[in-house]
Amino acid sequence: MKHLFTFLLLIVAVSVYSQNGIIKGQVTNKRNNESVPFASIVLQGSDQGASSDMDGNYEITGLKPGVYNIEVSFIGFERQVVYEIEVTNARAATVNVALNEMAVLVGEAEVTTSAFVNREDAPVSVRNIGVNEVKRNPGGNRDISRAIRSLPGVASTPSFRNDILIRGGAPNENRFYIDGIEIPNINHFATQGAGGGPVGLINVDLIDNVEFYSGAFPANRGNALSSVFDFGFKDGRTDKYTLNAVVGSSDIGVTIEGPTGPRSSIVASARRSYLQFLFEALGLPFLPTYNDFQFKWKLKVDDKNQLTVLGIGAIDQFALNLGLANDTTSEDFASNRYILDFLPVTTQWNYAVGAKWEHFAENGLWTFVASRNMLNNRTFKYEDNDESLPLTTDYLSQEMENKFRIEHKLYLDKGWKFAYGINYEFAKYNNSSQFQQFSYASGELGTINFYSEFDMHKYGAFSQVSRTLLGQRLVLSAGLRMDGNEYSASMENPLEQLSPRFAASYYLAPGLSANFNTGIYYQLPTYTILGYRDQTGFVNQRNDIKYIRNKQLVGGLRYDWDERNTVVSVEGFWKGYDRYPFSVDKQIALANLGTNFGVIGNEEVTSTANGHAYGAEVLYQQKLYKGFYGIVAYTWVRSEFSDASGTLIPSSWDSQHLVSLTGGKKFKRNWELGCRFQYSGGLPATPVDVEQSMLIPNWNATGFAITDFSQLNTQRLGAYHQLDVRIDKKWFFTKWSLNLFFDIQNLYGFEAQQPDELDVVRNSQGTPIEDPNNPGSYQPVFLNTAAGSTLPSIGIIIEL
């Protein structure tokens, strides 16, 4: 500790507090990418600023290192605020701004343009998340999947996974895009067929901004039921090469960016975890290792044409710490042996690469996107974890998608906007499955052994038209989408998946608007469902599996208090599901599954489940204003899906009450303190079938409890809450900068209630003991799995 203080004092002693910071960039017209000369760029809260030149370029110099907001405005355009621009001595901050044209206001129809994101095709349920909001999020570990838990409608769970649960929906109902290029997943160690995992895949150092839709998606975004994420990767620097190095709580990473030619640039990163060493030192039974790589290359051919190429990929390995199986003196020997007996080894890799060509016309934008993504998921387990013995589980699956999309946006006179597009996909899937599984229908242990392979063509089209009326007080937008594929006759006609959408926004007073959206949305069942087969063919194809359908209705009020960088909103929502996959064997809707490792949907299903989710949200959000920022969010939500009798019962995501309080303060000398408190009502839980689980053949085959789905979600866990705190200190030098942060997750050590795990009584060597009073069965014992430890961590960020 003494050496640490000496190091910090040395840093302070050599710090350079000069005012050499620069904010520069270009102001353009979003409509046609033409430069906007003479635009005003002002530091918020001051008179300091600049005007853009004839080419739209601007530069604000002589800035003290720190964080600034800028306001960009010009006559005939909507004012735009860019929040939390970090200025250093070592590098200029490049901020390019594309302004929206607006019609001239007439009469008394005064409309206040919002500094927050507000789209005419999605006036409700859309939020914008800045990169600094992700980086500094207390307890978030620089992970976007954790940062969004501060927003309304997003459930928090006490597990260490990043399952994204939006407004009572399942974790497989979300879609992700980077710069308009779709990527299948944003987590390491993803659950195939669901999407969640323990660690985020996207490096926040590449993110420029995030648009998050918790419903009411525009027509150009399909195959989603709960949320859509549009990540914007930043453009690489065009003036010089720079480097960021980060040592976080779980990984180490490097990001580099710079010019690759007179009109092109690149930004790229690589990360590797050191969790395997930490987990081994702590004596945990599993040892995860993850690696990820991502890049963006951009070429500005001319003022009207630009090409973007990007890629993202991961290599994940999940090994067992088998040495713990013989450590009979450990106080955690029983729980470690239990985990080692059932947990398989998993290796997974995935990637997505894509190219986007943009052509700006006089009144619009043409976009051409081509991409490919692939997932390779391997899971296996040897008997007694001995590689000389036979495999008890052997699973290998691959998913490949090749996609092409064309979109055209038109900005017409009198407030009209029009967009349309088409998309095509060619997908391939294969699955080799061999494992033993308990059959709920027969009450006996069975063997699953099949190889499945298929390819399919998918296609779709959309159109969206919007118009402003009444001097911009009223905005109307209508969209239509349709999708189809050749998997089955019931899905090949896109008219059967016709998806109309309508949105309206009316300004009741300056800054105050009433907003509404409704629509019908469709999502294709997962490849694991489509590819499940028996000896005679694809089982779920014979069952006439269909697109999942979801009807949504959202409405609310919003007040933009731009003088304080604040928005206040109240929204109510209703989502009705039908044609949801229903497990023939388990007799439950698959909407109740998805937050465990493994595979979801690799079984026979029918499109017969239905459900609904409804609730209300309240949000108070203040972007950085006079050193303060914060979010207060409350959600009341109910989520119910049908059981075997068709009765609606609480789903596994029926958390009922969600509270998130996030805030912080920037102090002098570049100190910052942030806090986040989360509360979630207790989730439903399903008991286990002790009698079936303890049968010796069943336990030997699976190594874990058999769930009693006849009592689906009849129990409810206790509420979960947690307080996270983070302290940052930054130093700005002439050639580089340094950021040290101290983060504490679960400050007061709250232990969240979890269902007790059913295990077997073991002897001193860890061998299960047969029940003398019940021959043919093991003796049961329940292990307390209450989770909740205070987790402090220190991070270092160096920028060169």
Worksheet item: From the backbone phi of the range 256-262, what are the Karplus-calculated ³J(HN,Hα) couplings (6.51 cos²θ - 1.76 cosθ + 1.60, θ = phi - 60°) in whole Hz, Gly and Pro given as x?
Response: 10, 8, x, x, 10, x, x
Fill in: Most positive-pole-ward Cα, M400, P780, S125, against dipole of the chain from beta carbon charges
S125
Worksheet entry | Sites H359 and F277 - FRET efficiency at Förster radius 51 Å, r taken between beta-carbons, to 0.05 | 0.55
Worksheet entry | With Cα atoms, 0 to 90° folded angle of helix 333-342 axis to the chain main axis | 90
Practice prompt. Filter the cross-link list K240/K428; K234/K551; K414/K458; K30/K240; K24/K135 down to pairs whose alpha-carbon distance in this structure exceeds 30 Å.
Written response: K240/K428; K234/K551; K414/K458
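What's the carbon and sulfur percent of the chain's accessible surface, probe 1.4 angstrom, rounded to a whole number?
With neighbouring chains kept in place, the figure for the chain is 57 percent.
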Worksheet entry | Computed lengthening from E34 to V254, 0.36 nm per intervening residue step minus Cα-Cα distance | 75.7 nm
Discussion item. Just to verify a number: what accessible area does D205 come out at with the full protein assembly present, 1.4 Å probe, Å² rounded to tens?
Written reply: 10
Worksheet item: Put +1 on the Cβ of each Lys and Arg and -1 on the Cβ of each Asp and Glu in the chain; which of S693, H188, A147 then has its Cα farthest toward the positive end of the dipole?
Response: A147
Worksheet item: In whole Å, what is the distance between the alpha-carbon centres of the range 38-53 and the range 470-537?
Response: 41
Response to the item:
Inter-part gap, Cα centre of the range 762-800 to Cα centre of the range 659-699, in whole angstrom, is 18
Worksheet entry | At most 13 other Cβ within 10 Å, DSSP loop - chymotrypsin sites (Phe, Trp or Tyr not before Pro), the range 628-717 | F667
Worksheet item: the chain: percent of C-alpha pairs farther apart than 55 Å?
Response: 10
Worksheet, complete the sentence: Expressed as a whole-number percentage, the relative contact order of the range 577-715 with C-alpha contacts under 8 angstrom and at least six residues apart is 18
Worksheet item: Where the only charges are on Cβ atoms (+1 Lys, Arg; -1 Asp, Glu), what is the dipole of the chain about its Cα centre, to the nearest 20 debye?
Response: 2680
Item to complete: Decide, for the range 215-274, between rounded, prolate and oblate: order the square roots of the alpha carbon gyration tensor eigenvalues as a ≥ b ≥ c, take rounded if a/c falls under 1.5, and otherwise choose prolate if a/b is larger than b/c, else oblate.
Response: oblate
Worksheet entry | Net charge of Cβ neighbours under 12 Å - reference T367; Lys, Arg +1; Asp, Glu -1 | 0
Discussion item. Distance between the C-alpha centers of the range 70-102 and the range 542-619? Whole Å please.
Written reply: 36
Worksheet entry | Dipole moment magnitude, nearest 20 debye, the range 716-800 about Cα centre, only Lys, Arg, Asp, Glu C-beta charged | 560
Response to the item:
Checked the range 120-168 with the C-alpha gyration tensor, a ≥ b ≥ c its square-rooted eigenvalues, rounded below a/c of 1.5, otherwise prolate if a/b is larger than b/c and oblate if not; verdict oblate
Worksheet, complete the sentence: Taking E453, E211, E71 and ranking on accessible area (1.4 Å, protein atoms only), highest first, one gets E453, E71, E211
Fill in: Using alpha-carbon coordinates, inclination of helix 2-14 to the longest axis of the chain, degrees
20
Worksheet item: Counting alpha carbon pairs within less than 8 Å and at least 6 residues apart, what relative contact order, in whole percent, applies to the range 286-414?
Response: 21
Worksheet item: If you take the square roots of the eigenvalues of the alpha-carbon gyration tensor of the range 449-535 and sort them as a ≥ b ≥ c, do you get rounded (a/c under 1.5), prolate (a/b over b/c) or oblate?
Response: prolate
Practice prompt. Mind checking the per residue accessible area of the range 611-734 for me, 1.4 Å probe, whole number of Å²?
Written response: 40
Worksheet item: Given charges of +1 on the Cβ of Lys and Arg and -1 on the Cβ of Asp and Glu, with all other atoms neutral, how large is the dipole of the range 324-418 about its Cα centre, in debye to the nearest 20?
Response: 1000
Worksheet item: Antiparallel as a % of all DSSP beta bridges within the chain, to the nearest 5?
Response: 95
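Which whole-number value in Å² is the accessible area per residue of the range 527-593, probe 1.4 Å?
37
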Worksheet item: For the range 559-682, what is one quarter of the convex hull surface built on the Cα atoms, given in nm²?
Response: 10.5
Practice prompt. Treating cross-link reach as a plain straight distance, find the aspartates and glutamates whose alpha-carbon is under 18 Å from the alpha-carbon of K626, omitting any fewer than eight places away in the same chain.
Written response: D47, E71, E84, E86, E133, D560, D562, E563, E672, D728
Worksheet item: Percent relative contact order of the chain, based on C-alpha pairs within less than 8 angstrom and at least six residues apart?
Response: 11
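Once every DSSP H run of n ≥ 4 in the chain is given -39500 (n - 2.57) and the sum is divided by its residues, what mean residue ellipticity at 222 nm do you get, rounded to the nearest 500 deg cm²/dmol?
Per the formula, -2000 deg cm²/dmol.
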Practice prompt. Give the calculated FRET efficiency between R372 and N773 to the nearest 0.05, with a Förster radius of 45 Å applied to their Cβ-Cβ distance.
Written response: 0.15
Fill in: Label zone at T328 (point 7 Å along Cα-to-Cβ), backbone N below 15 Å, the range 763-791
763-769
Worksheet item: How high is the FRET efficiency between D53 and V570 when r is their beta carbon distance and R₀ equals 51 Å, given to the nearest 0.05?
Response: 0.70
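The values are calculated or read from the model by the stated rules, or taken from the named source; none is laboratory data. Note that the coordinates shown come from a computational prediction; the quantities given were computed from them, not determined experimentally. Here the Cβ is made from the backbone with ideal geometry for all residues, glycine too, and neighbour counts use every protein chain on show. Side chains included, ligands, DNA and RNA excluded: accessible areas come from the protein's heavy atoms. Shrake-Rupley method; radii C 1.70, N 1.55, O 1.52, S 1.80 Å.
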